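Some notes on the structure that comes next.
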Amino acid sequence: KFLTIHDETNVDRVVLESRWTEISRDRRADWQMTLFDLDRGKRFCEWDAANAEVIKQILGELGIKWSEILKVEVAAASQWRLWEIEAGKHMKNCWEVMNCAREPGGIEAAEKGVCPAASDHLNWGRNRGQFAGRYCWKVIGTFCNGGVQEDFAEKMRDCAMCQFFQQVKREEGERFEP
């Protein structure tokens with residue numbers, strides 16, 4: 001995979017679109033797509049080719065200028081995300097297991113407030129939880145062992161012995177984020 005970067009402030013899309021058919025017919029490389037950054041006058045094209053020299057030849061023959069050709073790799077993140085979604089369908093968050101009722105809409109939320117773990121956007125998805133629902137041991141102010149936990153050192157000692165912490169650790173295996 002290669003990415004070509006074209007710096008052109010006066011890109012004529014009609015001309016470019018007429019060239020796409022011509023470019024796609026060349027069998028030395030496969031043009032995949034073009035992305036435009038119209039505000040900065042840049043164009044990014046994705047190619048499948050044996051090497052950058054082939055792309056340079058094609059662009060040179062067509063009189064198309066480029067500023068850079070980068071060899072790139074496709075991230076396998078989509079496979080990770082598919083696993084995360086599929087496996088996460090049955091993952092329970094702390095408020096579901098511990099029955100604290102402090103999640104948004106929970107019976108205790110109106111009186112005691114929504115638990116910080118149930119509203120923590122920064123840790124969304126850790127250990128496949130909603131908000132910090134499977135990472136609650138890192139969130140100060142959660143309601144555990146009959147009270148709100150304010151001291152991090154105390155909290156970590158309690159959490160290390162918590163049945164939910166142990167459950168998440170088992171379920172996540174190698175992917176566990178402590």
> For segment 82-173, which fully contained helices (runs of 4 or more DSSP H) count at least 3 residues that are touching a residue at least 60 places away in the same chain (Cβ under 8 Å)?
Replying inline: 94-98, 163-172
> Looking at (1) surrounded by fewer than 19 Cβ atoms within 10 Å (Cβ to Cβ); (2) modelled with pLDDT under 90, can you tell me which one S67 breaks?
Replying inline: (2)
>> Return the residues of segment 35-61 that are within 16 Å of I5 (Cβ to Cβ) and touching a residue at least 40 places away in the same chain (Cβ under 8 Å); say none if nothing qualifies.
In response: F44, C45, E46, W47, A49, A52, I55, L59
>> Looking at segment 38-52 only, could you name the residues that are open to solvent by 30 Å² or more (accessible area, probe 1.4 Å) and in contact with a strand residue (DSSP E or B) (Cβ under 9 Å, 6 or more places away or on another chain)?
In response: R40, K42, F44, E46, D48, A50, N51
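Going by the conditions given, is F143 open to solvent by 40 Å² or more (accessible area, probe 1.4 Å) and among the hydrophobic types (A, V, I, L, M, F, W, C)?
Details: open to solvent by 40 Å² or more (accessible area, probe 1.4 Å): yes; among the hydrophobic types (A, V, I, L, M, F, W, C): yes.
Yes.
Output the number of residues of segment 70-99 satisfying the condition of being at pLDDT 90 or above and at negative phi. Write out each step before concluding.
Step one: filter segment 70-99 for residues at pLDDT 90 or above, giving 70-72, 92-99.
When the remaining residues are screened for being at negative phi, the result is 70-72, 92-98.
Residues flagged as at pLDDT 90 or above and at negative phi within segment 70-99 amount to 10.
The values are calculated or read from the model by the stated rules, or taken from the named source; none is laboratory data. No experiment lies behind these values; they were computed from the predicted model shown. Note that we place each Cβ from the backbone using ideal geometry, even for glycine, and neighbour counts take in every protein chain shown. Just so you know, the surface numbers come from the protein's heavy atoms only, side chains and all, with ligands and any DNA or RNA stripped out. Shrake-Rupley method; radii C 1.70, N 1.55, O 1.52, S 1.80 Å.
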